[in-house]
Amino acid sequence: MIQNDDAFDVCIDDTFDFLSREYAELFKGSDATAFQHPLWLDSLYRKLATAMAAKPLVVVVRRRAGGALAAVLPLLRVRRGPMRTIEFADLRVSDYLAPVCTVKTFADLLRDEAACRKLRQLLRPFDLLRVPKLLDARMPIETLLGAPHRVSMDTNAYATVLTAPFEQWQINALGKSYQKELAKKWRQIHRKGNLTFSCCNDSSSIREAMETMKKFRGPRFHAQGDGDLLQRPEYFDFYSDVALRGLGSFSRLYAMKMDGNVIATALGLSHRDSLLVIMTGFDIEGYKSQSIGALTFESVARDCIARGDQVLDFTIGDEPYKKQFGGQPTPMSSVTQSGSTAGAIALLALKQAPWIKQAAKRVAELRMSPISTSTWTR
């Protein structure tokens with residue numbers, strides 16, 4: 001392997017501006033995901049990190065020759081009971097985690113042993129370092145961090161390839177029997193009144209849809225763990241901020257209405273000819289027999305195809321509906337590293353006795369940021 005010990009400078013910049021022009025240019029040319037978008041990370045650090053008492057830990061890598069921004073690792077220091085943890089900027093809202101750079105730049109960085117050594121030094125001290133929700137191994141972050149090899153998670157991500165026209169996608173993805181079933185549901189729901197489906201195009205419609213989504217999700221997820229994130233003010237503020245500021249470019253908020261009243265919503269992120277669905281809400285009580293969720297996803301797919309999107313990404317979680325819509329699974333992996341004796345003991349305990357994880361979530365308030373959270377229960 002060819003080494004290059006003077007290619008990069010590494011530092012911590014906890015006031016890094018994710019809305020800066022240089023970060024926008026870096027992200028645009030990078031192999032990062034929608035969850036490292038400038039608007040997403042700006043809102044996450046400003047709104048969620050503060051509310052969750054998480055401290056920014058932004059690793060900035062610049063080229064020594066000229067000082068151009070080469071890579072960013074958006075991390076956080078989070079105190080979980082007695083444990084000092086370092087985590088990716090996630091806080092339970094991001095489905096895919098990745099360094100913000102190109103695959104080539106990442107490979108060049110790995111060849112700079114001095115830069116890698118400096119990066120690892122800057123991260124200490126910590127008890128546990130966690131980087132879950134990794135989609136692929138093109139950028140082996142475990143090598144950069146000097147961590148053990150990544151391991152498979154117990155969940156997958158799902159995406160369906162979109163093809164035009166819409167009717168062709170239906171044939172490819174749904175199959176004849178499911179097509180017939182949904183056609184029947186459409187006939188049933190149209191008999192109930194004037195049905196419309198559209199993408200919110202102003203702040204007023206976005207606020208209405210977000211408030212309605214919150215109302216629908218509250219009772220539905222009340223009995224599941226710590227309930228629905230959208231019921232917590234800081235998370236509702238975060239998602240609303242992303243929907244509002246990303247209007248017309250980064251975010252899409254869909255609303256299905258019956259006689260002018262919102263009965264279903266879906267929030268997605270638009271990134272490189274893909275739409276990533278991150279949160280939904282349905283009037284299950286009023287429209288359960290019409291499969292309101294399935295009709296919403298079919299409507300979203302139709303709109304995406306009309307816009308020229310190539311992929312509808314249902315993101316993380318193994319819910320059955322994703323396969324019904326032609327979703328193909330992508331395995332997820334995670335990297336975990338101990339940085340102290342306490343961290344090594346905790347990591348060993350979690351590996352040997354998974355039930356301890358549930359107890360630890362209560363004791364150390366791990367409910368704030370579990371390793372995986374599906375679109376449904378987020």
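The values are calculated or read from the model by the stated rules, or taken from the named source; none is laboratory data. None of these values were measured; they are calculated from a predicted model. No Cβ is skipped: glycine too gets one built from the backbone with ideal geometry, and neighbour counts run over all protein chains shown.
For the residues Leu348, Leu295, Leu244, the requirement of being surrounded by 20 or more Cβ atoms within 10 Å (Cβ to Cβ) and not acidic (Asp, Glu) singles out Leu295. Residues in the range 79-93 that are hydrophobic (A, V, I, L, M, F, W, C), under 20 Å from the mean Cα position of the chain (by Cα) and in a strand (DSSP E or B): Ile86, Phe88. Cβ-Cβ contacts under 6 Å between residues 6 or more apart (or on different chains), taken from a first residue in the range 163-192 that is among the basic types (Lys, Arg) to a second residue that is outside any helix (DSSP H, G or I), are listed as Lys185/Ser291. When the range 35-78 is filtered for residues that are within 21 Å of Phe126 (Cβ to Cβ), touching a Ser or Thr at 6+ places or on another chain (Cβ under 8 Å) and part of a helix (DSSP H, G or I), only Leu44 remains.
Quick check on Phe197: is it in the same structural domain as Thr296 (by TED's automatic domain parsing), under 18 Å from Phe282 (Cα atoms) and either surrounded by 19 or more Cβ atoms within 10 Å (Cβ to Cβ) or out of contact with any strand residue (DSSP E or B) (no Cβ under 9 Å at 6 or more places or on another chain) (or both)? No; evaluated as a whole, the condition is false for this residue. Among the residues of the range 251-274, are any touching an Asp or Glu at 6+ places or on another chain (Cβ under 6 Å), crowded, with 16+ Cβ neighbours inside 10 Å, closer than 22 Å to Asp42 by Cβ and of a type in the set (S, T, N, Q)? Scanning the range 251-274 turns up at least one residue that is touching an Asp or Glu at 6+ places or on another chain (Cβ under 6 Å), crowded, with 16+ Cβ neighbours inside 10 Å, closer than 22 Å to Asp42 by Cβ and of a type in the set (S, T, N, Q). Residue check: is Arg62 in contact (Cβ under 8 Å) with a residue 40 or more places away in the chain, out of contact with any Leu (no Cβ under 7 Å at 6 or more places or on another chain) and not aliphatic (A, V, I, L, M)? Here the answer is no, as Arg62 does not meet what is asked. State whether the residues of the range 23-35 include one that is surrounded by 18 or more Cβ atoms within 10 Å (Cβ to Cβ) and under 16 Å from Leu129 (Cβ atoms). There is no residue in the range 23-35 that is surrounded by 18 or more Cβ atoms within 10 Å (Cβ to Cβ) and under 16 Å from Leu129 (Cβ atoms). I'd like to know if the range 116-133 contains one or more residues that are at negative phi, of a type in the set (D, E, K, R), assigned by TED's automatic domain parsing to the domain that holds Leu76 and in contact with a helix residue (DSSP H, G or I) (Cβ under 9 Å, 6 or more places away or on another chain). Checked against the condition, which is being at negative phi, of a type in the set (D, E, K, R), assigned by TED's automatic domain parsing to the domain that holds Leu76 and in contact with a helix residue (DSSP H, G or I) (Cβ under 9 Å, 6 or more places away or on another chain), the range 116-133 yields at least one hit. Inspection of the range 283-302 finds no residue satisfying the criterion of being part of a strand (DSSP E or B), of a type in the set (Gly, Ala, Ser) and in contact with an Asp or Glu (Cβ under 9 Å, 6 or more places away or on another chain).
Put simply, of Thr296, Thr280 the only residue that is touching a residue at least 24 places away in the same chain (Cβ under 8 Å) and closer than 24 Å to Gln168 by Cβ is Thr296. Exactly one residue out of His222, His190 is of a type outside the set (Val, Ile, Thr), modelled with pLDDT of 95 or more and surrounded by fewer than 16 Cβ atoms within 10 Å (Cβ to Cβ), and it is His190. I'm trying to understand the selection: among the residues of the range 322-345, which are modelled with pLDDT of 95 or more and surrounded by fewer than 17 Cβ atoms within 10 Å (Cβ to Cβ)? Listed by number, the residues that qualify are Lys323, Gln328, Pro329, Thr330, Pro331.
For the range 48-59: of the residues being in contact (Cβ under 8 Å) with a residue 60 or more places away in the chain and not small (Gly, Ala, Ser), which is surrounded by the fewest Cβ atoms within 10 Å (Cβ to Cβ)? Here the residue is Met52.
The single condition among (1) in contact with a Leu (Cβ under 9 Å, 6 or more places away or on another chain); (2) free of Cβ contacts under 8 Å to residues at least 60 places away in the same chain; (3) of a type outside the set (Asp, Glu) that Thr33 does not satisfy is (2). Only one entry in Gly227, Gly246 is of a type in the set (Gly, Ala, Ser), on the phi > 0 side of the Ramachandran plot and in the same structural domain as Trp186 (by TED's automatic domain parsing), namely Gly227. As for the range 290-300, it holds no residue that is more than 19 Å from the chain's Cα centre (by Cα), farther than 15 Å from Thr196 by Cβ and at pLDDT below 95. Among the residues making up the range 67-90, a single one is at pLDDT below 95 and at positive phi: Gly81.
If you check Val277 against the conditions, is it in contact with a Cys (Cβ under 9 Å, 6 or more places away or on another chain) and of a type in the set (Val, Ile, Thr)? Criteria not met by Val277.
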